[in-house]
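The values are calculated or read from the model by the stated rules, or taken from the named source; none is laboratory data. Predicted model, so just to flag it, every value in this text is computed and none were measured. Here Cβ is always computed from backbone atoms with ideal geometry, including for glycine, and neighbour counts include all displayed protein chains. SASA here: full protein model, heavy atoms, side chains in, ligands and nucleic acids out. Shrake-Rupley method; radii C 1.70, N 1.55, O 1.52, S 1.80 Å.
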Amino acid sequence: MYSGGCSRDGIEAVCSEHSESVLDDLESLVDKGLVQAAGPADRFQMLQTIKDYAREELLASGQADEVGLRHAAHFVQVAEEIRTGIEGDDQVRSIERGVVEDADLQAGLDFLLRRAGESDPTSAELGMRTCGSLWLYWHIRSKHLSARDYVRAFFGTGLGSGPTLGRSNALRTAGL
């Protein structure tokens, strides 16, 4: 699930379809000292107590899986953008973005892996697709064990054993 650090774009993609109200809400939280700027200028982080409270409220609302899936789907796209940049002409910025987004990428993968373990083939496909997108980033950052562990875990769910784009990408990562 959400790791607690997020960019403005990530908040909008995960939390609301109404970006103006999200930015107003974010500004209010910053003004009250409940959210702090973290890292680059467009990243924010909740205080741990607020993060714990928000997680409890989300779980109580019954919408944790829906929000978690939206978060994970957003970071599937982020992983694909990182891959495109590394394989293209924006290697340095894409690797830097991967470093900044690493905790949320991992949170998305963990969420998808949990759902795949509960026999959700869509989550397994998205997780394998993400693993395939991150192979070169993980290689450059010497995160070979992370790559291996995620791919093995997704394969271990027994889902997605047929020929899919996600599986073929994950197999490339497994070869790393």
When the chain is treated as a GNM, springs tying every alpha-carbon pair under 10 Å, which of VAL100, VAL30, VAL78 comes out with the largest mean-square fluctuation? VAL30
Amide H neighbours of ARG43 under 5 Å, at least 5 residues apart or on other chains, H built in the peptide plane: list them. ALA38
Using the Karplus equation 6.51 cos²θ - 1.76 cosθ + 1.60 (θ = phi - 60°), what ³J(HN,Hα) coupling, rounded to whole Hz, does each residue of region 99-114 give in order, writing x for Gly and Pro? 4, 5, 8, 3, 5, 6, 4, 5, 4, x, 5, 4, 5, 4, 5, 4
Just flag the trypsin sites (Lys or Arg not before Pro) in region 92-176 sitting in loop per DSSP whose Cβ has no more than 15 other Cβ atoms within 10 Å. ARG141
What does the convex hull of the Cα atoms of region 38-176 come to per residue, in Å³, rounded to a whole number? 111 Å³
For the chain, the accessible surface attributable to carbon and sulfur atoms (probe 1.4 angstrom, ligands and nucleic acids excluded) amounts in percent to 52 percent
Using θ = phi - 60° and the Karplus relation 6.51 cos²θ - 1.76 cosθ + 1.60, list the HN-Hα couplings for region 121-132 in order, rounded to whole Hz, with x at every Gly or Pro. x, 5, 5, 4, 4, 4, x, 5, 4, 5, 4, x
Quick check: convex hull of the Cα atoms in region 61-100, volume per residue, rounded to a whole Å³? 49 Å³
Summed residue charge, Cβ within 13 Å of LEU47's Cβ, Lys/Arg positive, Asp/Glu negative: +2
Treat each spin label as a single point 7 Å out from the Cα along the C-beta direction, and report the THR84 to ASP24 distance in nm. 3.2 nm
3J(HN,Hα) from dihedral phi, region 81-96, Karplus parametrisation 6.51/-1.76/1.60, rounded to Hz, x for glycine, proline: 5, 5, 4, 4, x, 5, 6, x, 10, 10, 4, 4, 5, 5, 5, 4
